[in-house]
Amino acid sequence: MTNLEAIKASEAGKYQLSDNVYLKALTDHSIVNTATYAGRSQAFDLAVADVYIVLATGTDVKEGGYSVSIPDRKTLLNLANSIYQRWGYPIVGSPVLKVKAVYPW
């Protein structure tokens, strides 16, 4: 199985996405899509998380009487953030902490 086939076999693969979404996620993490899948790794996990973010932030598609939407964007965002957190990356969608500086003079 190739890396592309493996990422499509993940939970994210049950949604109909363009191959380009998967290819970009793999490429962004320096994974060769045609190489043999060697098992989960930090880079592969992060690529899957990136696909979750695409799904969570994507638009609903409606055409005539046919509708395709992502039912639970919050769950997808939570899945992505749990992966990012596991590998020490910043959480997506979290508030940015601001430091208030107090000058002593």
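The single condition among (1) at pLDDT below 90; (2) assigned to a helix (DSSP H, G or I) that residue 85 does not satisfy is (1).
In region 62-78, is there at least one residue being acidic (Asp, Glu), loosely packed, with under 14 Cβ neighbours inside 10 Å and either touching a helix residue (DSSP H, G or I) at 6+ places or on another chain (Cβ under 7 Å) or at pLDDT 95 or above (or both)? No, region 62-78 has no match at all.
Scanning region 1-42 for residues that are more than 20 Å from residue 84 (Cα to Cα), touching a Phe, Trp or Tyr at 6+ places or on another chain (Cβ under 8 Å) and charged (D, E, K, R) yields a total of 1. With respect to the conditions (1) at pLDDT below 90; (2) closer than 25 Å to residue 90 by Cα; (3) exposed (fewer than 15 other Cβ atoms within 10 Å of the Cβ); (4) not β-branched (Val, Ile, Thr), residue 13 falls short on a single one, namely (3). Among the numbered conditions (1) at pLDDT below 95; (2) touching a Ser or Thr at 6+ places or on another chain (Cβ under 8 Å), the only one that residue 35 does not meet is (1).
The values are calculated or read from the model by the stated rules, or taken from the named source; none is laboratory data. Remember, predicted model here, so these are calculated numbers, not experimental data. With ideal geometry, Cβ positions are generated from the backbone for all residues, glycine too; neighbour counts draw on all protein chains shown.
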